[in-house]
Amino acid sequence: MTKPMFDRVAILGVGLVGSSIAHAMRRANLAGHIVGHTKRAETLKRAKRIGFADSLTDSVVKAVKGADLVILATPVGAFGAIAKAMGPHLKPGAIVTDVGSVKGAVITDVGPYIPKGVHFIPAHPIAGTERSGPEAGFAELFDGRWCILTPPKGTNKRALKTLKSFWEKLGSKVEVMDAKHHDLVLAVTSHVPHLIAYNIVGTADDLRSVTEGEVIKYSAGGFRDFTRIAASDPTMWRDVFLNNKDAVLEVLGRFSEDLSALQRQIRWGDGDALFKLFTRTRAIRRGIVDAGQDSAEVNFGRNTPAKKKR
Ligand code: NAP
């Protein structure tokens, strides 16, 4: 067997993303030793039972000691405190990275604690599910998905090349981007869509007393797809909105204006305008499927009566 890419890798936070990285690292033989860290004893026990790490600890300091690659994979709001605790114990020449869904705030929160001689390169795999916790992880999570790296100015080129190759070996396609641009793009493609889902599901729940169970009964009419997104982890998403405030508020401003325009078109019976928009959006869906970023199957491949008959 060839030598693994890293002797020792520390994963801080072993939920969906952290445990998936461990599974994918094992698949590609990328680490001699994987050490996982998590805060709660109960999560530690669950992770131990699954067995995706060679060792597990509730101590940040013990986890990062001697690690060649350190990956922050907790909710973003915890990054600052973890970075402060681990900073003095990082191995010279190590690479520190993360998987957080926002990037500007991560650079501000973590950057100051990274000592000279340690390479800090933030990353964001655009891959996930609505599940969370150590049981949710699987090796194929990153296959064919994008991972965005946002190296701060002056990042060591060799370290960047190594991290890029690491993500490719996990199955991802890699793109390098400025952190501010990342935060705006993700506000449009991920953060605001999640906010819309949280909002519509909340509104429907408030109306439940009026509709008496019909929200659940007839949910296949589109609502169901929003509930899948709105089931995403509350801590993670609270932290995303608190840490990408500017970009989210900017995109929400545009969204509200466009929603008002739609409201007006419905009020004044402007069918042409509605038809034009819906035709444009249908083409976007086709583009996503053609790019291999989603399934072309009817109903996202869910078991429909039509599918069961086949
Ligand atoms: P998750 O499944 O909820 O896992 C988070 C893990 O972090 C849990 O094991 C939790 O363990 C641990 N944790 C929380 N606070 C901690 C602390 N202060 N110190 C140590 N461990 C702590 O979350 P996830 O979906 O993997 O998300 C992790 C990161 O990936 C987030 O930053 C998120 O923005 C990013 N991300 C998520 C997705 C997605 O779709 N889910 C996609 C891309 C990137 P305890 O039970 O011990 O607290």
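Do you know which of the residues in the stretch 62-81 that are farther than 18 Å from residue 117 by Cβ and part of a helix (DSSP H, G or I) is most open to solvent (accessible area, probe 1.4 Å)? Show your work before the answer.
Residues of the stretch 62-81 farther than 18 Å from residue 117 by Cβ: 62-63, 71-81.
Retained after the next criterion (residues that are part of a helix (DSSP H, G or I)): 62-63, 76-81.
Working: 62: 140, 63: 0, 76: 10, 77: 54, 78: 38, 79: 1, 80: 18, 81: 74 Å².
Residue satisfying both the conditions and the ranking: 62.
Every residue in the stretch 166-220 that is hydrophobic (A, V, I, L, M, F, W, C), open to solvent by 30 Å² or more (accessible area, probe 1.4 Å) and within 30 Å of residue 152 (Cβ to Cβ), please.
Result: 176, 177, 184, 185, 188, 195.
Across the stretch 32-46, what is the total count of residues that are more than 14 Å from residue 133 (Cβ to Cβ) and either at pLDDT below 95 or open to solvent by 20 Å² or more (accessible area, probe 1.4 Å) (or both)? Let's see the steps before the verdict.
Of the residues in the stretch 32-46, the ones more than 14 Å from residue 133 (Cβ to Cβ) are 32-35, 37, 41.
If we keep only those that are either at pLDDT below 95 or open to solvent by 20 Å² or more (accessible area, probe 1.4 Å) (or both) as well, we get 32-33, 41.
Total meeting the criteria: 3.
For (1) out of contact with any strand residue (DSSP E or B) (no Cβ under 7 Å at 6 or more places or on another chain); (2) within 12 Å of the ligand (Cβ to nearest atom), each residue gets a yes or a no:
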{"position": "46", "(1), (2)": "yes, yes"}
{"position": "51", "(1), (2)": "yes, no"}
{"position": "55", "(1), (2)": "no, no"}
{"position": "68", "(1), (2)": "no, no"}
{"position": "101", "(1), (2)": "no, yes"}
{"position": "133", "(1), (2)": "yes, yes"}
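If a residue counts only when it is in contact (Cβ under 8 Å) with a residue 60 or more places away in the chain and of a type outside the set (A, V, I, L, M), which helices (runs of 4 or more DSSP H) contained entirely in the stretch 154-243 have at least 1 such residues?
Numbers: elements: 157-169, 179-186, 192-206, 208-211, 214-217, 223-230, 234-243.
Per the criteria, 157-169, 179-186, 223-230, 234-243.
Taking the stretch 82-98 as the search range and keeping residues that are more than 20 Å from the chain's Cα centre (by Cα) and within 12 Å of the ligand (Cβ to nearest atom), which one is least open to solvent (accessible area, probe 1.4 Å)?
Step by step, filter the stretch 82-98, then rank; the result is 86.
Among the listed residues 123, 127, 78, identify the single one that is near the ligand (Cβ under 7 Å from one of its atoms), within 13 Å of the chain's Cα centre (by Cα) and in the same structural domain as residue 173 (by TED's automatic domain parsing). Reasoning before the result, please.
Details: 123 fails: near the ligand (Cβ under 7 Å from one of its atoms); 78 fails: within 13 Å of the chain's Cα centre (by Cα).
Residue meeting the stated conditions: 127.
Return the residue satisfying two criteria in turn: it lies in the stretch 3-18 and is in a loop (DSSP other than H, G, I, E, B) and under 19 Å from the mean Cα position of the chain (by Cα), and of such residues it is farthest from the ligand (Cβ to nearest atom).
First, pick out the residues of the stretch 3-18 that are in a loop (DSSP other than H, G, I, E, B): 3-5, 13-15.
Within this subset, residues satisfying the condition of being under 19 Å from the mean Cα position of the chain (by Cα) are 13-15.
Working: 13: 3, 14: 5, 15: 2 Å.
It comes out as 14.
Given the conditions (1) within 13 Å of the ligand (Cβ to nearest atom); (2) under 28 Å from residue 243 (Cα atoms); (3) within 19 Å of the chain's Cα centre (by Cα), and given that residue 23 satisfies all but one, which numbered condition is not satisfied?
Evaluating residue 23 over (1) within 13 Å of the ligand (Cβ to nearest atom); (2) under 28 Å from residue 243 (Cα atoms); (3) within 19 Å of the chain's Cα centre (by Cα) leaves (2) as the failure.
Quick check: is even one residue across the stretch 262-270 within 17 Å of the chain's Cα centre (by Cα), small (Gly, Ala, Ser) and not assigned by TED's automatic domain parsing to the domain that holds residue 155? Walk me through it before giving the result.
Here is the first cut: in the stretch 262-270, the residues within 17 Å of the chain's Cα centre (by Cα) are none.
Within the stretch 262-270, not a single residue is within 17 Å of the chain's Cα centre (by Cα), small (Gly, Ala, Ser) and not assigned by TED's automatic domain parsing to the domain that holds residue 155.
Any idea how many residues of the stretch 260-292 are touching a residue at least 12 places away in the same chain (Cβ under 8 Å) and part of a loop (DSSP other than H, G, I, E, B)?
Going through the stretch 260-292 one residue at a time, the tally reaches 1.
Is it the case that the stretch 99-118 has a residue that's open to solvent by less than 40 Å² (accessible area, probe 1.4 Å), farther than 23 Å from residue 248 by Cα and among the hydroxyl-bearing types (Ser, Thr, Tyr)?
Going residue by residue through the stretch 99-118, those that are open to solvent by less than 40 Å² (accessible area, probe 1.4 Å) are 99-106, 110-111, 114, 118.
Okay, now just the ones that are also farther than 23 Å from residue 248 by Cα, so 114, 118.
With among the hydroxyl-bearing types (Ser, Thr, Tyr) added as a condition, the list becomes none.
Checking the stretch 99-118: not a single residue is open to solvent by less than 40 Å² (accessible area, probe 1.4 Å), farther than 23 Å from residue 248 by Cα and among the hydroxyl-bearing types (Ser, Thr, Tyr).
The values are calculated or read from the model by the stated rules, or taken from the named source; none is laboratory data. What you see is a predicted model, and the numbers here were worked out from it, not measured in a lab. Quick reminder, even Gly has a Cβ in these numbers, built from the backbone with ideal geometry, and neighbours come from all protein chains shown. Accessible surface areas use protein heavy atoms only, side chains included; no ligands, DNA or RNA. Shrake-Rupley method; radii C 1.70, N 1.55, O 1.52, S 1.80 Å.
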